[in-house]
Amino acid sequence: MIRSLVFLAAVPVAASVTTLPATAAAPETAVIYDVRGGDTFTTSPSGGRCTIGFSVTSGYITSGKCASAGQSTVGHNGVAQGTVQGSSFPGETSAWVRTNASWRPRGLVNRHGGTDVTVRGSTPAPVGAAACMSGPVGGWRCGTITGRNLTVNFPEGSITGLIRTNICAFPGETGSPLIANGQAQGILIGSSGSGTCSSFFVPVAEILSAYGLTLVTE
């Protein structure tokens, strides 16, 4: 319905006016969100969905399959998150995102059950060690590191130096973190897809070295 608006003339009113003391407005408190491994993010303009690997002092690392340099990212809650600073795929097959002031990188991995796991360092675990990954599709699950320094052939090319586990991975979880006893191990780049639950991760140390980054620990 379209309504006609009528401007009314001001009517003078005789009244006494009392001046009240000025009251300072209460400062607004900015909302800060935690950056955690295992949480999802999307990129713009492509709109692809991937997973945060681990926090670094200025943002976080993820897979190079997830984001291209210069793209913007949006957090799992729909809040603008940051900008992709560097990306490599194939090759190092990694990327890192510098987050904005609304986000605080934490040394945490989301277990997707209401609790977090603390990241305490990045010491490599040996073959045969227990390890767990966190992803938005399969949640928190664990298995064993079954190989290191492996070369794997993907449709896009061969990638060397990878970690292999027997943990099942699912589409939409690229970039997910692998952690062993509080030590960051790698980020997910792919799986065998043959039903054997062989999943492959880029070692964290290689990514940190490639971009000159520092892992955030708690």
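Just a few scattered comments:
- Taking (1) out of contact with any strand residue (DSSP E or B) (no Cβ under 7 Å at 6 or more places or on another chain); (2) open to solvent by less than 50 Å² (accessible area, probe 1.4 Å); (3) not basic (Lys, Arg) in turn, Pro45 satisfies each apart from (2).
- Listed by first and then second residue, the pairs with beta-carbon distance under 8 Å, at least 6 apart or on different chains, first residue in the stretch 149-161 and touching a residue at least 60 places away in the same chain (Cβ under 8 Å), second aromatic (Phe, Trp, Tyr) and open to solvent by 40 Å² or more (accessible area, probe 1.4 Å), are Glu156/Phe89.
- Residue within the stretch 159-167 that is open to solvent by 10 Å² or more (accessible area, probe 1.4 Å) and in a loop (DSSP other than H, G, I, E, B) present: yes
- Odd one out for Thr29 among (1) open to solvent by less than 50 Å² (accessible area, probe 1.4 Å); (2) modelled with pLDDT under 80; (3) polar (S, T, N, Q): (1)
- Test: residue in the stretch 207-214 that is assigned to a strand (DSSP E or B), buried (at least 17 other Cβ atoms within 10 Å of the Cβ) and modelled with pLDDT of 95 or more: no
- Test result for Ile61, of a type in the set (A, V, I, L, M, F, W, C), under 17 Å from Asn100 (Cβ atoms), open to solvent by 50 Å² or more (accessible area, probe 1.4 Å) and in contact (Cβ under 8 Å) with a residue 60 or more places away in the chain: no
- Every pair of residues 6+ apart whose Cβ atoms lie under 9 Å, when the first sits in the stretch 78-98 and is within 15 Å of Leu162 (Cα to Cα) while the second is open to solvent by 10 Å² or more (accessible area, probe 1.4 Å) and among the polar types (S, T, N, Q): Phe89/Ser68; Pro90/Ser158; Ser94/Ser87; Ser94/Ser88
- Residue count, the stretch 137-152 (criterion: farther than 17 Å from Ser63 by Cβ and open to solvent by 40 Å² or more (accessible area, probe 1.4 Å)): 7
- Among residues of the stretch 175-204, those that are under 19 Å from Thr118 (Cα atoms), touching a Leu at 6+ places or on another chain (Cβ under 9 Å) and open to solvent by 10 Å² or more (accessible area, probe 1.4 Å), counted: 1
- Filter result for Pro171 (without any contact (Cβ under 8 Å) to a residue 24 or more places away in the chain and in a loop (DSSP other than H, G, I, E, B)): no
- Among the strands (runs of 3 or more DSSP E) confined to the stretch 69-136, the ones with at least 1 residues that are polar (S, T, N, Q) and open to solvent by 60 Å² or more (accessible area, probe 1.4 Å) are located at 80-88.
- Residue within the stretch 183-204 that is part of a loop (DSSP other than H, G, I, E, B) and under 23 Å from Val97 (Cα atoms) present: no
The values are calculated or read from the model by the stated rules, or taken from the named source; none is laboratory data. Computed from a predicted structure; not experimentally measured. Ideal geometry is used to build each Cβ from the backbone, glycine not excepted, and the neighbour counts take in all protein chains shown. Remember, those area values only see protein heavy atoms, side chains included, never the ligands or the DNA or RNA. Shrake-Rupley method; radii C 1.70, N 1.55, O 1.52, S 1.80 Å.
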